[in-house]
Every structure is written in structure tokens, then in C-alpha cells.
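Heads up: the structure comes next, in C-alpha cells.
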Amino acid sequence: MLSDWLYIAIFTGIALFLPGVAIFLAAVLSPKKPDPIKTSTYECGMETVGEAWVQFKVQYYVFGLIFLAFDVETVFLYPWAVAFNKVGLFAVLEAILFIAILLGGLIYAWRKGALEWV
Amino acid sequence: MTAMQIIFLIVAAVTLGGALMIATSRRMMHTVLWLVLTLMGVAVLFALLQANFFSVVQVLVYIGAIAILILFGVMLTRRSMVDAGESLVHKNWWVVAVVIALLFAAIVISIQPWGAAHTPLVELMEFKEPISDLGEALVDPAAYLIPFEVSSVLLLAVMVAAIYIAVDRKGGKS
Amino acid sequence: MSFFRDPVVFLTQWLNGVLAGWGLPPAWVQVISFTIGGAILATGAMLFVTILIWGERKLLGRVQDRYGPNRLGPWGIFQSFADMLKIFIKEHITPVGVDLIPYNLAPILSVAAVLMVWSVIPLSMTMYGVDLSVGLLYFVAVGALGELGIIMAGWGSNNKYALLGAFRAVAQLISYEVPMVVSLLVPVMLAGSLSMNEIVKQQNIWFIFISPLAALIFFVTQIAEVGRAPFDLVEAESELVAGFNIEYSGLKFGMFFVAEFVHAFTVALIFTTLFLGGWRGPGAEQYPLLGFIYLMLKTTIVYFIAILMRGSLPRFRIDQMMDVNWKLLTPLSLILIAVTALAVKAMQPLSPWISVPVNIVLNLILIYLTQQLLVRYFKRRKIREVGSRNRPVARLEEPVTSTAESEGSL
């Protein structure tokens, strides 16, 4: 099993190396003529107004948190799904209870208006 | 020194170095990136222990969800975009480092008489993947069924609490 | 075994034999053969993208009733090479104030995250990088790494619009991961393993026939994960000024572009592996090369469908996208899991001739119920028609002739 991870480590190294080499080669081959107007930040053709900071909506955080709860839920469901063929009907009912509780959470979020993109 | 030991030391050094950089980075965005590196190091440590499932779950949940959540949280604070001025490292940090090194040496010397500290390194033998055993244990009433169901209630509580805070704040703040 | 029966395994064993014959210890032999195999796979994947881009441009052109590229070479097949050459020699304009390490690392991470999936896909019965026992979750985890690349690109660009685009892109990606991960439970349940090769081996009946709804949900969420139309709000040119890759030029931008196409093909490959039986087909067990050909044929058909979707569907708005995900796909996929688990477990002792049609019928019932709910939901919202039959036609006004009156009205 460790040889599996060895292959993945080597493949990750190659996957990071290939685009790196390509970009490096392109950076060597391309012309370099920096110009104060060319290198200024793009804002639809105008001068930039204010600092590079946006009012961050709290909506992103709520979506991230709901995603986290469901992600952990599916992590719990994966071992059950792998052992699905070996366990009886009772296990299926337990997992349905698990899913139903979290579905209840989703419906609560829906009704409270937390899923609206304001 | 076998190859496994060398690899372990390198990965442990990367993980701890990343943790150190989290504590001493100036810009908050960099701290999130170093956090991702530290979590990656932990995932690689899991893989070295042949816990395949937990290694990928670590990447999936910690880096894919929690690091991004922390990133969103960092973005919610305005000061994160402004460059932090002074360094976060104390001026006489080398004094603290010497004290900690002495403490570590004291601990190592004091556990020498303890027999269990001298067990030789055992190479883990190859074993079959136990994910289906884990699955069977999770739904077995004699094993871990109750924690399984309680964890779903815990996740429900997390969701409800977050929504309550967010909806309340959304009404209050802009 | 002869060369024609199984070329890849034959070559690998020959190489291992040569390297061991030179006196290298077995660990080094393994490392070298892994490196060569991995390099061939990764380079092949990246070079294949030129054919993909050409195919997409020709097909999109035909959908839009025009020729695609047809100047360079017969049927324009050298167009992608010309574009690659052009992008290679363009200047890398780095704006002031960028954070250098995230800015430069982002395109590399985006491409790497997509390429890393290729190591667990079984290209045929014996041709795969590694048969990881958690291959499916590895694929999902690596997708999460790709989102990091987007955040690094958006942050490192020192540009408000890039940051905003990056946040919206990441919000879209994490939202669509939920139904994707939940609907992936269905092939795992039916096959009883997380390993991709095992899932392919268990598909005596293709999983798309056992659970078409899961395949549909997975396909839709994967299209959203790649960021192709109709979910391509985050990179649309007319909105948000091309999103998080505004400040990239030259090959760095080219890398994002390449990453998207490779991701789209990888997604089609995963869909084929999980639901369409992968490399299975008549004679694929004896002649693994045939398995590879079957896989490529099926993947091309799936990719074809994705291109047609791109050419014909209008773009979603961001709130419509989020509504579709959280209010339609997530509850639907969770209910699907519950129903499929019950049905498969209850019908386990029966023969497949009964259980498969019952499963299909259950899926169709779910689709029908969802459609009824949606119809009723939209009827309740009562979208007001702006232009209807009874609206009077605007009459042509007589132009005002007296200029003094018009000046007075100003």
C-alpha cells in the first residue's frame, strides 16, 4: 500500500513540475518591457478607486458553514456505503435516520432564509 | 536510518515549519496559506501510516472545507487586507528558544529509565483496507451506532447555531 | 505474455528487468519505473488537450452555424499548435503590488490539481497509475485543492474584481461539491468499494441503468464544478471582467485555460468510469488495449454532450445557480440515497432482472415528482408577463415641429 502513495507522490511532483517548467520557459522566451501604465491594476480602463478591499458579505461564510456540515456528513456516510452489502436492513434504516436529521437542518436553513444569495 | 525515517523527518519538519510560519507571518492571508501547508503535512503523515481513508478525508474536510471557511472568516475582518505593521515575533526570541530546548532535553533525559521508550521501530506490515470494517462498526448497535447518530445531531446543532448567528447579524449589520 | 496482448504491462516488465539487470536495488527500480510511467501519463494528458480544444472549437462552430478553424492544416487541426506558440511568447505582465508567491503558484496549482486525478483512473484493466483503495475520495479531495488555486489567483492579483470573482467562484464550487459527493455514494453502494478499478469491475450492468438519476445529478454538478456553461458565470467575459484571472497574461493565463479543458475531459472520464462501465466491453478482459479504446469512445461521447450543452444553453445567474444547488439538487440527492439504499437492500436476494427495472422505475418516479414540484413552485411565483397579447402597440408619434416648444420643455 505504501507503493501506492509513492506513485502518487512522484506523480504529484511531475504534475507540479510540468506547468512550472512550461511557465519558466515561457517567461524566458517572452519579451519583458514593463511600463508603469501596463503594470497598473486593471479597473475597467479607469484609475483604481480606493484600496483593493471589498465589503465581504456574510453570505459566503454561511454557505461555507453549511457546506462543512454536509461534507462531514458524507464523510460519515462513506464507510457505511462501502460496507453496504454486508450489513442488514437495520443499518440502512439507521443511515436513513442520519440523513433525515441533516435534511431537517437543511430545511431549517431554507425556511430561515439562510440560503438566499443577497 | 531507513528511508521511512528520513521521509517522516522531512514531512514532520515541513509540518512544524508551516505551523511556525502561521504564528509569525505578518499578513493574515499568508497565515491561511501556511495553514494549508501544515494540514497537507498531517495528511501525508496519515498516508505514511497507511491510513488511506483518513488521509484523503483530511485533505477533503480540513483543506477543502475548514481552511476555506477560515479564509472566509479572515476576509470578514477588515484589517486582514491591510499590511500588518510590526513583526509578531518578540525581540528576545532566542532566550525563549534556549529555555524550550533545555526543557526538551530534561524531558528526554527523564524518560530514559522508562522501558517502553526504548522499543525498536516496527515496520507496519501491509494490511487490507479496513474501510468496510469501519463501516460495519459504525452501524453496529454493539459498537459505534450511538456516536454515529449523536454526531448527526451535533452537525444539526452546528448548522442551526451558524444560521442563527448569521441571520441575526444579517439583520443587524449591513 | 506477448507485446500485442498487453503492451503496457509488457513494456513495464521489460523495463524493470533491464533496470534490475543493471544491479539497481528494487526500490530504485520501482521509483524509476514510476517516474517514467507518470511522466508519460502527465505529458500525454497535457498534449491531448490540443486535440480537445480543436474539437471543441469545431463543434461549437457547427452548433453556431459557422465553420470552426479551417485555415491551418486540413480541417484546421494545427490551429491549437499555432495558439500555443502564440501564448508561449507573449509577455508576462505582472501588475504592481501583487503578492508574488500566490500569484505565480496559482496557475501551477490549478493544472497540478487536475492532472493529479489521472493517476487513479483505470485506463484499462491493467493500465492504471495506481489502484488506490480510496480512489474516489482522492478524486474529490484533489478537486478541493483546485479551489485553493483559484483563491490564490484572486488574492494575489491585488485587484478588487479578481478578488470578488475568486470568492464567487469558490462559493459556486463548494456549493456544488455537496450534491456531487452525496450522489457519488450511489456507485460506492452498488459496488461496495471506493477503488475505481473495483467499481468498473463490478459493473456487469452499467450503473447508469441502475440509477439514472444519480448519474444525472453527478453530471450536472461536475459541469458546475468545472465552470463550463451554463455555469460559467465566474469566467464570463461580459460580467466581472473575466473573473479571477484578469491580471494574468501569457502562458500563466494559458495554464488556467488548459486546466479548464483538462478538467472538463477528466470529468467526462470519471463519469464514464463510474457510470458507463469504464473500460468494460466485449473482449476488454483479454485484450486490455481494447478496454482503453472503449473508454476513449465512451468519454468522447460524454464530452460531446458537454460541448453541446455549452453551445446551446444560456448562462445561469449566480442566485439562480445557488438556488438550483441548495434547494433542488441537495435535497434530491439525499432523498435519492435514502430511496436507493432501501430499494437495493430490500431487493438484494432477487435477481437483477427484477431489481434493475424496479430501480429505474423508482428513479423515474423521483424525477417525475421533482418535476411536478417545480411546476407548482413556478406557478405559485406567478412570473408577470411584461409583453402580452392585449398590450396596445406603441403608436408612431408625430414629430414635434415647433422648436420653441421643445426648447421650453428642457
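Inspection of region C:104-114 identifies no residue that is surrounded by 18 or more Cβ atoms within 10 Å (Cβ to Cβ) and either on the phi > 0 side of the Ramachandran plot or more than 12 Å from every other protein chain (Cβ to nearest Cβ) (or both). Looking only at residues that are at pLDDT 85 or above and more than 7 Å from chain C (Cβ to nearest Cβ) in region A:11-39, which one is nearest to C:D99 (Cα to Cα)? Across region A:11-39, the extreme among qualifying residues is A:F24.
Pick from A:Y108, A:Y60, A:Y42: which is hydroxyl-bearing (S, T, Y) and at pLDDT 85 or above? I'd like the intermediate steps shown before the answer.
Details: A:Y60 fails: at pLDDT 85 or above; A:Y42 fails: at pLDDT 85 or above.
Within the list A:Y108, A:Y60, A:Y42, the selection yields A:Y108.
Tally time: how many residues in region C:37-75 are free of Cβ contacts under 8 Å to residues at least 24 places away in the same chain, of a type outside the set (K, R), farther than 21 Å from C:V262 by Cβ and part of a helix (DSSP H, G or I)?
Start the filter on region C:37-75 by keeping residues that are free of Cβ contacts under 8 Å to residues at least 24 places away in the same chain, which leaves C:39-40, C:43-44, C:47, C:57-58, C:61-62, C:65-75.
Keeping just the survivors that are of a type outside the set (K, R) gives C:39-40, C:43-44, C:47, C:61, C:65, C:67-70, C:72-75.
Adding the requirement that they be farther than 21 Å from C:V262 by Cβ leaves C:61, C:65, C:67, C:70, C:72-75.
If we keep only those that are part of a helix (DSSP H, G or I) too, we end up with C:61, C:74-75.
Residues that pass the stated criteria total 3.
Does C:I93 satisfy the criteria of being surrounded by 13 or more Cβ atoms within 10 Å (Cβ to Cβ), part of a helix (DSSP H, G or I) and β-branched (V, I, T)? Quick ask: steps written out before the conclusion?
Working: surrounded by 13 or more Cβ atoms within 10 Å (Cβ to Cβ): yes; part of a helix (DSSP H, G or I): no; β-branched (V, I, T): yes.
Here the answer is no, as C:I93 does not meet what is asked.
Being in contact with a Phe, Trp or Tyr (Cβ under 6 Å, 6 or more places away or on another chain), free of Cβ contacts under 8 Å to residues at least 60 places away in the same chain, surrounded by fewer than 22 Cβ atoms within 10 Å (Cβ to Cβ) and more than 14 Å from every other protein chain (Cβ to nearest Cβ) is a condition met by at least one residue of region C:272-292. If a residue must be under 18 Å from B:V153 (Cα atoms) and either among the acidic types (D, E) or surrounded by fewer than 18 Cβ atoms within 10 Å (Cβ to Cβ) (or both), how many such residues does region A:85-95 contain? Final tally of qualifying residues: 2.
Considering every residue within region B:127-140, establish whether at least one is at pLDDT below 85 and loosely packed, with under 11 Cβ neighbours inside 10 Å. The answer is yes; a qualifying residue exists. Within region B:22-38, can you find the residues that are under 13 Å from the mean Cα position of the chain (by Cα), aliphatic (A, V, I, L, M) and more than 14 Å from chain A (Cβ to nearest Cβ)? Residues satisfying the conditions are B:I22, B:L35, B:V36.
Checking each residue of region C:94-111 against the condition of being within 21 Å of C:A268 (Cβ to Cβ) and touching a helix residue (DSSP H, G or I) at 6+ places or on another chain (Cβ under 9 Å) gives at least one match.
Reported count of residues in region C:342-386, each being closer than 26 Å to C:A224 by Cα, within 14 Å of chain A (Cβ to nearest Cβ) and at pLDDT 85 or above, is 1.
Grab the helices (runs of 4 or more DSSP H) fully contained in region C:268-362, keeping just those with 2 or more residues being hydroxyl-bearing (S, T, Y). Even if it seems obvious, please write down each step before you answer.
Numbers: elements: C:288-312, C:318-323, C:330-346.
So the answer is C:288-312, C:330-346.
Does C:L308 satisfy the criteria of being surrounded by 18 or more Cβ atoms within 10 Å (Cβ to Cβ) and either in the same structural domain as C:L216 (by TED's automatic domain parsing) or modelled with pLDDT of 90 or more (or both)? So C:L308 fails the test.
The values are calculated or read from the model by the stated rules, or taken from the named source; none is laboratory data. Fair warning: this is a prediction, and the values are worked out from it, not measured in the lab. Note that each Cβ is placed from the backbone with ideal geometry, even for glycine, and that neighbours are counted across all protein chains shown.
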